[in-house]
């Protein structure tokens, strides 16, 4: 059975999902999230979401190593797949 994600991990994934849906348009993403654009910018910095996300990234996946206590979010860059 998979362990549940922490609230902060869920928030980060949700923000990334909304940014993907809005093709990186932060004003629209903030509107969909129901927060101010400045708050979104603060959360993007807090969660270390790449500034060029999602334009240079194709996929998001969650992985957990054997025995690890935290899950990692793995971003697959488009240019890594093209080369």
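Things to note:
- Any hit, segment 55-69, residues being surrounded by fewer than 14 Cβ atoms within 10 Å (Cβ to Cβ) and modelled with pLDDT of 75 or more: no
- Among the residues of segment 1-48, those identified as crowded, with 16+ Cβ neighbours inside 10 Å and in contact (Cβ under 8 Å) with a residue 60 or more places away in the chain are 5, 9, 12, 13.
The values are calculated or read from the model by the stated rules, or taken from the named source; none is laboratory data. All values derive from a computational prediction rather than experimental measurement. Quick reminder, even Gly has a Cβ in these numbers, built from the backbone with ideal geometry, and neighbours come from all protein chains shown.
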